[in-house]
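Visitor: Before I ask anything, let me first share the structure, which is written out below as structure tokens.
The values are calculated or read from the model by the stated rules, or taken from the named source; none is laboratory data. Fair warning: this is a prediction, and the values are worked out from it, not measured in the lab. Note: ideal-geometry Cβ built from the backbone for every residue, glycine included; neighbour counts use all protein chains shown.
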Amino acid sequence: MAGESSHWRLDMETFHGFRDDRPKEEKWELIDGRPVMMPPPSLVHQRICGNLEKLFNDRLSLVQPSWRADREIGLLIPQDEKYNTEPDVTVIDTDVEMGQLYAERFYFVAEVLSGSDKPWVLKAKLDYYQRHEPCLAVLFVRQDQIAAEYYSRQANWAKVDWTNPATRLDFPVIGHIGPLSDLYRYTPLSLRP
């Protein structure tokens, strides 16, 4: 099966059975009832994710210590059978239970985009994140250039394009986490030696 199938519509239980039978190196998400295989992340992708996770956690430790950023955790909103996503970086509550597999409450979500991302997948994910009332903002970060799309609840989810490396990354509740250029440290797009 290719990366996605517009013919399949799976419920959560069927999707989990399907995903569990796939080779472990494959990463699958359920998007609007469709299984979608995510491409393996590049090293640049992983560095951007690590940089963003650190920027969030450094700021959260000062202003909102009951939250923390984590990479590649599953989200599962109760009573939603059409989505099981695993964003690149997600801000959730610090307290988690032993054996907990999914976060059911999240505040910020970031996805680092690749050239193979399909527009319908990004739109469906954005719609899903926006429907979750505690979610305050969503960030889609480019890995091929210094640029990001920012959406926030306080601006009625209007898209804001960030392209200036000096742009301040400001998020509701927690404020400034750093400039846009800091997401690209240790990548070919880095502005620092």
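Visitor: Looking at the stretch 152-193 only, could you name the residues that are over 15 Å from Ile48 (Cβ atoms) and in contact with a His (Cβ under 9 Å, 6 or more places away or on another chain)?
Guide: Arg168, Asp170
Visitor: Could you say which residue among Arg71, Arg19 is within 20 Å of Leu101 (Cβ to Cβ) and modelled with pLDDT of 85 or more?
Guide: Arg71
Visitor: Which one of these is outside any loop (DSSP other than H, G, I, E, B), among the β-branched types (Val, Ile, Thr) and either modelled with pLDDT of 95 or more or more than 20 Å from Val138 (Cβ to Cβ) (or both): Val96, Val44?
Guide: The unique qualifying residue is Val44.
Visitor: If you don't mind, there's one more thing I want to ask. Report, by residue number, each residue of the stretch 113-150 that is touching a Pro at 6+ places or on another chain (Cβ under 7 Å) and modelled with pLDDT of 95 or more.
Guide: Leu136, Ala137, Ile146
Visitor: Are any residues in the stretch 151-193 of a type outside the set (Lys, Arg), more than 19 Å from Leu126 (Cβ to Cβ) and in contact with a Pro (Cβ under 7 Å, 6 or more places away or on another chain), and if so, which ones?
Guide: Pro165, Ala166, Thr167, Pro179, Leu180, Ser181, Leu191 - these are the residues of the stretch 151-193 that are of a type outside the set (Lys, Arg), more than 19 Å from Leu126 (Cβ to Cβ) and in contact with a Pro (Cβ under 7 Å, 6 or more places away or on another chain).
Visitor: Another question, then. It is to be established whether one or more residues within the stretch 114-131 are out of contact with any strand residue (DSSP E or B) (no Cβ under 8 Å at 6 or more places or on another chain), surrounded by fewer than 20 Cβ atoms within 10 Å (Cβ to Cβ) and over 20 Å from Glu29 (Cα atoms).
Guide: no
Visitor: For the condition out of contact with any Cys (no Cβ under 6 Å at 6 or more places or on another chain), acidic (Asp, Glu) and more than 28 Å from Pro179 (Cα to Cα), what is the one hit in Glu86, Glu53, Glu97?
Guide: Glu97
Visitor: Filter the stretch 82-98 down to residues that are loosely packed, with under 14 Cβ neighbours inside 10 Å and either within 17 Å of Trp28 (Cα to Cα) or in contact with a Ser or Thr (Cβ under 7 Å, 6 or more places away or on another chain) (or both), then give me how many there are.
Guide: Selection size over the stretch 82-98: 1.
Visitor: Also: Could you list, in sequence order, the residues of the stretch 143-177 that are buried (at least 17 other Cβ atoms within 10 Å of the Cβ), over 17 Å from the mean Cα position of the chain (by Cα) and of a type in the set (Ser, Thr, Tyr)?
Guide: Thr167
Visitor: Continuing with this model, one more query. Just to verify a result, which residue in the stretch 39-67, among those that are without any contact (Cβ under 8 Å) to a residue 40 or more places away in the chain and touching a strand residue (DSSP E or B) at 6+ places or on another chain (Cβ under 7 Å), is surrounded by the fewest Cβ atoms within 10 Å (Cβ to Cβ)?
Guide: Only one residue tops the list, namely Ser66.
Visitor: Go through the stretch 132-142 and give me each residue that's touching a residue at least 24 places away in the same chain (Cβ under 8 Å) and either more than 14 Å from the chain's Cα centre (by Cα) or over 15 Å from Val173 (Cβ atoms) (or both).
Guide: His132, Pro134, Phe140, Val141, Arg142 - these are the residues of the stretch 132-142 that are touching a residue at least 24 places away in the same chain (Cβ under 8 Å) and either more than 14 Å from the chain's Cα centre (by Cα) or over 15 Å from Val173 (Cβ atoms) (or both).
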